[in-house]
Each structure stands twice: as structure tokens, then as C-alpha cells.
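Asker: Just dropping this structure here.
The values are calculated or read from the model by the stated rules, or taken from the named source; none is laboratory data. Keep in mind that this is a model prediction, so the values were computed, not measured. In this analysis, Cβ positions are derived from the backbone assuming ideal geometry, glycine residues included, and neighbour counts consider all displayed protein chains.
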Ligand SMILES: Cc1cc2nc3c(=O)[nH]c(=O)nc-3n(C[C@H](O)[C@H](O)[C@H](O)COP(=O)(O)OP(=O)(O)OC[C@H]3O[C@@H](n4cnc5c(N)ncnc54)[C@H](O)[C@@H]3O)c2cc1C
């Protein structure tokens with residue numbers, strides 16, 4: 001029987017909202033592979049998202065003993081694929097590109113770099129776009145016209161130095177402390193919010209361009225204009241090689257044909273073959289480094305089950321870390337960073353609709369709880385698949401509690417017959433408490449170094465504070481592999497020291 005996850009929701013008019021029960025190859029059964037007698041692991045990895053999977057895979061492939069502990073019933077964290085009626089639904093992280101070096105390397109390793117599909121339809125230009133913003137009549141237009149307006153507005157927004165950020169963020173994987181730009185210059189720009197920057201340039205834009213820009217910024221940040229940092233947009237533009245020509249190709253075009261879960265599964269399977277122990281549906285409650293244990297770390301589950309290791313790599317997301325008890329306590333800076341957290345509380349909802357005319361449609365509406373809708377394929381039964389995005393609407397929009405509101409929002413984007421919705425609420429999920437991390441103004445300058453710092457023998461790896469593709473799969477892989485590299489070097493060195501002292 002196909003594995004089913006407890007995560008996610010489905011809605012149909014007849015059945016209403018059903019939590020979980022969706023087919024998902026990311027589910028690991030049996031959920032546990034841990035020897036009966038307790039052992040001292042070389043490394044415990046907490047969290048089986050991409051940060052944790054690459055760490056576990058790299059460490060086991062070097063012959064180290066590793067335990068992977070995960071709160072959910074599945075691998076993938078904020079990236080997983082649901083299978084339903086012959087169609088793949090990406091519930092979180094979706095788009096891939098060769099511009100993401102850590103990710104592309106994994107795609108090549110598992111022979112998935114050419115197994116791509118594109119979002120939308122190959123002849124999208126035969127379709128149409130709809131726009132509905134304040135100060136302009138709602139209307140239909142071509143994708144090309146919408147693209148041109150978006151580019152004009154986005155370019156005006158990110159072009160803070162007249163060179164599209166090249167002088168400020170020439171090296172997006174080294175935003176602070178690089179060889180070209182003085183840190184104090186970056187720190188100054190980092191204080192600016194999206195709203196402040198928008199106020200500087202909005203006079204250059206038409207009503208439609210303003211609507212397109214603000215909704216795009218909120219679609220990306222998942223927050224609001226005041227709490228979303230301009231810097232993260234400058235960084236994102238730098239990662240597009242400082243050119244909006246690359247916007248769609250890098251961010252929104254290519255998907256893995258077999259789904260994100262297929263890639264995550266390759267990594268997990270390789271680690272298991274190399275001897276990985278694991279425990280799923282096992283949330284962690286505390287991480288302790290008692291002074292009496294010679295540097296050992298004790299990781300306790302919510303059921304008080306202890307696991308011990310020489311090193312721990314936690315990949316617990318930024319907004320969840322406040323729920324974990326650390327002993328000795330974390331540094332004041334880390335605690336402060338964790339208590340502030342990130343601002344991304346985005347919505348992503350899939351809808352299958354009985355409207356063939358929407359196969360080549362994209363549309364936007366601002367303001368709206370769902371601001372952007374994209375056509376993304378056709379199901380075997382002929383229904384068109386759409387995916388829609390909104391920003392932080394937690395106070396008035398909880399799709400699993402009020403699915404009719406979500407159906408209304410789809411219809412406000414464009415009239416349609418929504419037959420089914422499939423989604424994950426990343427905000428109400430206790431193990432994410434938000435989407436991909438988007439930072440507040442000033443947050444990077446103050447907390448990036450602090451978040452990346454180790455705490456004794458505990459390493460912190462997450463896409464949420466990555467150097468380059470922060471808030472993306474690539475950032476998760478960057479952080480997981482970096483932490484695994486340092487942890488393994490130290491474990492191997494200690495083993496050698498121990499072996500030579502016995503001679
Ligand atoms: C809606 C959405 C769309 C996105 N789109 C894209 C995209 O198109 N392209 C892209 O590159 N990126 C995208 N991202 C971002 C990307 O998915 C994430 O940045 C990345 O998956 C994060 O990986 P991670 O390993 O750092 O964290 P996670 O995937 O969150 O992994 C952390 C793991 O820790 C576990 N955990 C949490 N608490 C505990 C605990 N107490 N005990 C044990 N385990 C715990 C969690 O269950 C989780 O499995 C998107 C994200 C979302 C949510």
C-alpha cells in the first residue's frame with residue numbers, strides 16, 4: 001500500500017477539509033531503526049529536511065555513526081511531494097535551477113539534472129494574464145505585457161546603486177565581510193524596509209506596476225512591507241546574476257519531473273545503506289551538554305528518551321528553535337535572534353479546477369489573501385492545476401478552518417470552478433511555524449553570524465540563515481554540508497588522537 005502522511009490537507013466540496021491521509025513517498029516506515037541498546041553516536045542530526053538529509057548522508061558516507069531524529073512521519077521538512085490521481089503536488093519548496101550550486105550537484109549525483117519539467121504550459125504565450133489592482137480597471141493582458149511591467153517595477157525597486165546591486169552585493173554568498181564591499185555599507189542598506197524603498201521609487205510607477213510590485217514583494221517575503229527587508233531582495237537579485245532577465249528561469253520555471261521527494265529519498269536511502277540509524281515521529285525537546293560528560297551531547301525527545309552523541313547538528317527551523325531547551329543556555333545574541341524569528345508566513349494552495357481555459361493563465365490581485373495564481377499543468381482527468389500564493393494573513397485566513405474563504409480567493413483572482421484544494425499550512429505547523437525565512441530590516445547585520453555560530457558541540461544548520469540561497473533548498477544543502485564537514489573533521493581527528501594514545 002502507498003505510504004500516507006499525516007501532513008497536509010485536502011478539500012473537496014463533498015468531503016470538506018480532510019487532514020493528512022495523502023499519498024507521499026517521503027513517509028518512512030517502519031518509523032524507527034535504532035538498536036535496542038543505547039549507544040554513543042558520532043553525530044546526531046535533528047531534522048530530516050534537506051539540511052539534515054545532506055548532513056546525515058555526508059557523515060554516514062564517511063563511516064561515522066549517525067542517528068537522524070525527526071518530528072514528522074517523513075523526510076523533506078518544508079519540501080515534500082504529494083501524489084494524487086496521477087499528479088504530483090509540491091507542498092513547499094518546488095523550483096530548481098543550475099544557478100543553485102549545492103542543489104545542482106545533488107541533482108547530478110542522483111541522475112536527476114535532466115529529468116525536469118517546466119511550470120505552466122509550453123505554449124504559455126497563447127494564454128492570458130489577469131490583473132486587478134487599486135487605481136486601475138481590472139483587465140486581461142498578455143503574459144508578455146505583464147512580464148514587462150513586472151520587470152520595470154522590480155528593476156526600479158532593486159536598482160539601489162544604479163548597477164542593480166552589483167556594487168553592494170557583488171558576491172551574494174558573502175554578503176557581509178567580502179573583499180569588495182565594506183561591511184558598514186552593507187549594514188546601512190540592511191536597515192531599510194521594503195516599504196521605505198517602495199516610497200522612494202513609487203512615483204516612477206503606474207498603478208498597475210505598483211500593484212504588481214507590492215504583491216510580488218509580499219509573495220516573496222511572506223510578511224508585510226514594513227517587516228520585510230530590502231536587503232533580502234537585493235541579495236535575491238544578486239543571485240539572479242543581477243538581472244531580471246533571469247527572474248523566471250531561476251525562480252519559477254524548472255521542477256523535478258519525479259518530484260522533490262524523489263531527490264530527498266535518494267539522499268536518505270544512500271545514508272541508510274551506509275548505516276544510518278533513524279527515528280521518525282520523534283520530536284526533540286531538549287539539547288544538553290552536561291559539564292560532567294566530557295563534551296557529550298544529550299538529546300531528549302518529548303517522551304524523555306535520551307540519545308547521546310559526540311556532536312549534534314540541529315536543523316530545527318528558526319521559528320521553532322524557541323521551543324527547544326538548551327543547557328547550557330544559548331548565547332544572548334542567539335536567544336535574541338530566535339525570539340525575534342523571521343517574518344515569512346506565506347500561503348501556498350493548490351487547486352484543481354474544471355476550467356480548461358485557465359491552462360495558460362497567470363493572474364494577480366492586490367490586495368488579496370491569495371495574490372498570485374499560476375496555471376501549472378493538467379491532471380490526467382483534464383482538470384487544470386493551479387497554484388496560488390499569499391502573504392501573512394494569519395489573523396483572518398486559515399484555509400483548513402475556512403476553506404470556503406480560500407475558494408472565494410481563487411475566484412477573486414479569476415472566476416473558476418474549484419473542485420479540489422491540496423495544501424500545507426506552514427504557519428500553523430508546529431515544526432515550521434512559518435515558510436522559508438525572510439528577515440526583518442537590520443536582522444542580517446545583527447544576527448546572521450550569531451545564528452551560524454556553534455554552541456559547544458552543537459552545530460546549527462538551516463536554510464533559514466544560509467550564506468547565499470537563504471530561504472531556499474540550496475541554502476539548506478549549503479548549511480547541512482558545511483556543518484557536517486566541520487563535525488566530521490573534529491570527530492575523525494579525535495578518533496585518530498584516541499587511537500594513537502592507545503598505541
Ligand atoms: C511554500 C514554500 C515554497 C517554497 N518554494 C521554494 C522553491 O521553489 N525553491 C526553493 O529552493 N526553496 C523553496 N522553499 C524553501 C525551502 O523549501 C526551504 O528553505 C528548505 O526546504 C528548508 O530546509 P531545512 O532543512 O533548512 O529546513 P526544514 O525543511 O524545515 O527541515 C527541518 C526539519 O526539522 C524538523 N523538526 C522541527 N522541529 C523538530 C523537533 N523539535 N524535533 C525533531 N525534528 C524537528 C522538521 O519537521 C523538519 O523536517 C519553499 C518553502 C515553502 C514553505
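Asker: Mind checking which residues of region 283-302 are more than 12 Å from the ligand (Cβ to nearest atom) and either touching a strand residue (DSSP E or B) at 6+ places or on another chain (Cβ under 9 Å) or at pLDDT 95 or above (or both)?
Answerer: 288, 289, 290, 293, 295, 296, 297, 298
Asker: To continue, here is another question. Count, please, the residues in region 61-84 that happen to be in a loop (DSSP other than H, G, I, E, B) and crowded, with 19+ Cβ neighbours inside 10 Å.
Answerer: Number of matching residues: 11.
Asker: Something else now. Right, residue 127: over 22 Å from residue 264 (Cα atoms), more than 16 Å from the ligand (Cβ to nearest atom), within 25 Å of the chain's Cα centre (by Cα) and touching a residue at least 60 places away in the same chain (Cβ under 8 Å) or not?
Answerer: no
Asker: Considering 363, 373, 354, 382, which residue is touching a strand residue (DSSP E or B) at 6+ places or on another chain (Cβ under 8 Å), closer than 30 Å to residue 128 by Cα and surrounded by fewer than 21 Cβ atoms within 10 Å (Cβ to Cβ)?
Answerer: 354
Asker: Just to check your reading of the model, which residue among 101, 86, 63 is more than 24 Å from the chain's Cα centre (by Cα) and either within 16 Å of residue 261 (Cβ to Cβ) or within 13 Å of the ligand (Cβ to nearest atom) (or both)?
Answerer: None of the others qualify; the one that does is 86.
Asker: Then there's this: Only one of these conditions is not met by residue 142: (1) touching a residue at least 60 places away in the same chain (Cβ under 8 Å); (2) closer than 30 Å to residue 410 by Cβ. Which number is it?
Answerer: (1)
So that you can scan it fast, the table gives a plain yes or no per residue for (1) without any contact (Cβ under 8 Å) to a residue 40 or more places away in the chain; (2) on the phi > 0 side of the Ramachandran plot; (3) part of a loop (DSSP other than H, G, I, E, B):
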residue: 285; (1), (2), (3): no, no, no
residue: 303; (1), (2), (3): yes, no, yes
residue: 317; (1), (2), (3): no, no, yes
residue: 334; (1), (2), (3): no, no, no
residue: 352; (1), (2), (3): no, no, no
residue: 374; (1), (2), (3): no, no, no
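Asker: Here's a follow-up. For region 403-503, which helices (runs of 4 or more DSSP H) that fit wholly inside it have 1 or more residues that are without any contact (Cβ under 8 Å) to a residue 40 or more places away in the chain and within 16 Å of the ligand (Cβ to nearest atom)?
Answerer: By residue number, 443-452, 473-502.
Asker: How many residues, within region 440-466, are closer than 18 Å to residue 93 by Cβ and surrounded by fewer than 24 Cβ atoms within 10 Å (Cβ to Cβ)?
Answerer: Counting residues in region 440-466 that are closer than 18 Å to residue 93 by Cβ and surrounded by fewer than 24 Cβ atoms within 10 Å (Cβ to Cβ) gives 0.
Asker: Okay, next question. Do any helices (runs of 4 or more DSSP H) lying entirely in region 85-204 carry at least 3 residues that are under 25 Å from residue 254 (Cα atoms), and which ones are they?
Answerer: 101-109, 143-158
Asker: For region 26-60, enumerate the residues that are in a loop (DSSP other than H, G, I, E, B) and within 15 Å of the ligand (Cβ to nearest atom).
Answerer: Matches in region 26-60: 26, 28, 31, 34, 47, 48, 49.
Asker: Only residues that are surrounded by fewer than 23 Cβ atoms within 10 Å (Cβ to Cβ) and either touching a helix residue (DSSP H, G or I) at 6+ places or on another chain (Cβ under 7 Å) or closer than 21 Å to residue 35 by Cβ (or both): list them for region 303-326, please.
Answerer: 303, 304, 305, 306, 308, 310, 321, 322
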